[in-house]
Every structure is written in structure tokens, then in C-alpha cells.
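Worksheet: the structure to be examined is printed underneath.
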Amino acid sequence: MKFEKMNNGSLRCTLTQEDLEENGIELDDFFTNTQNAREFLEKLIRIAEDEVGYKTTGNMMSIQAAIMSENEIVLTFSESHVSSAEILEHIRNMFGASSAREPAPPRQDVKDDILKEAGARKNDQVIEGDREGYAYLLTFVSFTSVRKFCQVLPINKVARSRLYYLDQKKQYFLWADLNQSTRSYVYEFVTASMEYAKSIEKDSSRSSFLEEHGEVIVKEKALQTLAKL
């Protein structure tokens, strides 16, 4: 593990898969806030105090996790310098008034429609369309489900993909742009979603909602990155 004190007062901790295994931690622990994860994070703070002189002030602390590669995860610890009253008001604004003004669009599961569209006999044909044409948003109830889904798919070097986590829903959202992919890949993508995903929908303004309100877990090449974990 490696610790870095940032100029803005935050602490960055880089962990390898070996670090997690040595401490009995899995990636799911971070995203579901288990007791093991909380104890491990407290341990990291103590180690950072000794190694880089990182000191906490007692303020509320936020922690962001980002998967950088199949063998590396980066945790960023940041302290909040606002009062608890301000934090509560901010939460009410995010999930109360603002959500009422800009509700997330209803989901429309389109498994059957996509399968009909992708199931043509021209399996080698490359799909050429715009972002809305062949971009999809999948919902998962756990990180393990997302990872298994990516691992069963064939390799696709041209697909663009991103993984979000929405704490409000306690769910993961995988956005994938399959333009320039083959029809056979789209067919396998949708078929696999039936087993591992809670739902699949055509991309819409919900991805913009996630950009604003969700946490980006894997910013680029999520399909390829998670398949290697």
C-alpha cells in the first residue's frame, strides 16, 4: 500500500489486490460499507499517521473509491469543513427538493426489443449508429453481479463503458456504448444481462442524472477492467 498527502489536505491511498487479500477485504466490502471495511479504513488512517504524518481534525470525512486497474484500487480520504446542519441541508436539497424538480426518468426494460434487433442472422455485421442508438444502461444490485457479468462477455475493445454507484438506491449502473460492436456481441450482452442485471434500458437522460448524483467507480473501459478482476 502507498500513501500520499495531497495539497488540498486529502489523503490518497493506493492498494493492490494483495493488500486487500492480506487484510481479508473484498471490493464489495467498500461499496456496501461492511464492518470489515470500516475497521480496515480506520487501520489505514492509523498507518497514514505514522508513514506520512496525516492528521485528522475530527470533522466528518468522506471516502471515494476508484478502480484503476484489475490489481489496483485508490481510496481518497477528504475531511468536510462545513457544519453538520449544512451537511443535512445539502442532503435534503440533493435527495429532496432537487430530486422533486428533476426526477430520474422511469426505467423501461427493453430486453425483448434489443434481442429482436440484435438477433439478426448477420451476426458479423458491425453496428454503426449514434450514442442513443446502441447505448444501454444496466442496473445491478451488487458489485459482484457487475463483475460476473463483465467476465462472461467476449472481449470488446471498441465498446465504451462506465460504472456508477448511486448510494441513494444502493445500486450499481453500467453504461455501455455498443456502437461499432457486432450484432452478435450485442445479442450476448443482452442475453447475459438477463442472468446478472436487474434491468437493461436504452440510454436516456438517466445517465446524465448519474453523472450528477452518482459516484463514478470506473470512468473508462469498465467492461474490460471488471472482466480482468
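The values are calculated or read from the model by the stated rules, or taken from the named source; none is laboratory data. Since the structure is predicted, the reported quantities are computational estimates derived from the model, not experimental observations. Every residue, glycine among them, receives a Cβ derived from its backbone with ideal geometry; neighbour counts consider all protein chains shown. Surface accessibility is based on the protein's heavy atoms, side chains included, excluding ligands, DNA and RNA. Shrake-Rupley method; radii C 1.70, N 1.55, O 1.52, S 1.80 Å.
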State whether the residues of the range 182-191 include one that is open to solvent by 60 Å² or more (accessible area, probe 1.4 Å) and outside any helix (DSSP H, G or I). no
Flagged in the range 122-164 as more than 18 Å from residue 215 (Cβ to Cβ), modelled with pLDDT of 80 or more and open to solvent by 70 Å² or more (accessible area, probe 1.4 Å), in numbering order, are 148, 151, 152, 155, 157, 158, 160
Condition check for residue 207: part of a helix (DSSP H, G or I), at pLDDT below 85, touching a Lys or Arg at 6+ places or on another chain (Cβ under 9 Å) and not aliphatic (A, V, I, L, M): yes
